[in-house]
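What follows is calculated from the coordinates using simple rules that are stated; it is not laboratory data. Just so it is clear, the structure is predicted and the values come from calculations on it, not from any experiment. In this analysis, Cβ positions are derived from the backbone assuming ideal geometry, glycine residues included, and neighbour counts consider all displayed protein chains.
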Amino acid sequence: MSETAYSLKESIRHLPRNIKESIIRRGGGTAEQERAAAVFGNMFLHVHPVRVHLNSLRAGYTFGLGLISFYLFLILIASGLLLMFYYTPSTELAYRNMKDLEYVVSFGVVLRNVHRWSAHAMVAFAFLHMCRVFYTGSYKAPREFNWVIGVCLLLVTLFLSFTGYLLPWDQLAFWAITVGSNIAAYMPGIGEKVRFLLLGGNEVGQMALLRFYVLHVAVLPLVAVVLLGVHFWRIRKDGGLSRPLND
Ligand code: HEM
């Protein structure tokens, strides 16, 4: 009886430590192997490599351009989710929704502009990141596959930007997408079919708005998340960031 009471008391006393140890399996010791084990055993830390080459930490090597693109993507997801509460993909309501966001919703203008400017910035930073990768020769073996994934990421970023442009359903959006989809129709052979598939008809109307909306809020972000996962995983598998050969 007394033994049960004692162990119960003991387990309550050790509860905080037990909870902590069930989450963080291995503590950070001072020996190199213990520190490595602490990184491996933690869900959030294991994204990072246990060892990093000094060259990869030089701010002037990457200028953080890839990471900035990624953070902009996170801002776009968060602000886009909030925008979805106020937006209806209907030709009747879309423009009025945007005006309500501007004049009725608290901080609606800020929300819309955060999304808009982050989108412009992501296109610019993804492009600058590609230039950095090119100028440091990081597209060479064994990183060719990651370069290809990068090109797909840039295309998805541009397509996200293009599909988002129609959603406010103002004059600028309507005519930009009319011109854009007409350009697609010039593709030899399949042009007209691609245009029809994109617009869900022969002109920019309700079906086009719905298609662009679904592509913009579901399909393309999902594709981007999968590609980003592969992109980051490949950086690790290719031995971290590129560096001068005999460094
Ligand atoms: C959505 C856009 C993109 C994101 C969020 C992204 C993210 C990143 C991040 C965080 C890194 C680690 C180094 C750094 O910060 O520069 C990286 C490396 C890399 N990225 Fe991207 N990236 C994107 C687009 C691209 C594009 C367009 C290309 C090329 C066509 C590309 C090719 C590469 C390659 C080859 C590496 C390895 C570089 C090295 O080892 O030095 N990425 N990317």
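Using R₀ = 35 Å, calculate the FRET efficiency as 1/(1 + (r/R₀)^6) where r is the Cβ-Cβ separation of Tyr71 and Lys193; round to 0.05.
Numbers: r = 38 Å, r/R0 = 1.08.
That gives a FRET efficiency of 0.40.
Protection proxy ranking of 31-38, 7-14, 199-206, by the mean of other Cβ atoms within 10 Å over each peptide's residues and highest first, is 199-206, 31-38, 7-14.
Note the full-extension length gain between Leu45 and Thr88 as 0.36 nm times their separation in residues minus their Cα-Cα distance, in nm to one decimal. Before the final figure, lay out the partial values.
Values: separation 43, 0.36 × 43 = 15.48 nm, distance 3.94 nm.
Here the answer is 11.5 nm.
Sort 87-93, 101-107 by the packing proxy (mean of other Cβ within 10 Å over each peptide's residues), most packed first. Write down the numbers at each step before the final one.
On the way: 87-93: 15.3, 101-107: 11.9.
Highest mean packing first, the order is 87-93, 101-107.
Taking every alpha-carbon pair under 8 Å whose residues sit at least 6 apart, the chain reaches a relative contact order of 18 percent. In the chain, the longest principal axis of the Cα atoms and the axis of helix 2-23 are about 40 degrees apart.
What does the convex hull of the Cα atoms of the range 41-147 come to per residue, in Å³, rounded to a whole number? Each step should come with its number before you reach the end.
On the way: hull volume 17.9 nm³, N = 107.
Hull volume normalised by residue count: 167 Å³.
In terms of the mean number of neighbouring beta-carbon atoms within 10 Å, the peptides 162-173, 71-82, 183-194 order highest first as 162-173, 71-82, 183-194. Each Lys and Arg contributes +1 and each Asp and Glu -1, all at the Cβ; summed about the Cα centre of the chain, the dipole is approximately 640 debye. Residues of the range 38-81 with the amide nitrogen closer than 20 Å to a label point 7 Å from the Cα of Phe134, along Cα-to-Cβ, please. What the label zone holds, given the 20 Å backbone N cut-off, is 61-70. The magnitude of the dipole of the range 91-142, with charges of +1 and -1 set on the Cβ of Lys/Arg and Asp/Glu and taken from the Cα centre, is near 240 debye. Note on the range 158-247: Cα-only Rg and Dmax are 18.2, 59 Å.
Taking R0 as 25 Å, what FRET efficiency do you get between Ser7 and Ala31 from their Cβ-Cβ distance, rounded to the nearest 0.05?
Details: r = 33 Å, r/R0 = 1.33.
Between Ser7 and Ala31 the formula returns 0.15.
Averaging Cα coordinates gives a centre for the range 91-109 and one for the range 141-162; these two points are 33 Å apart. For the chain, the normalised intensity computed at q = 0.09, 0.12, 0.18 Å⁻¹ comes to -0.59, -0.87, -1.33 (log10 of I(q)/I(0), Debye sum over alpha carbons, equal scatterers, no solvent).
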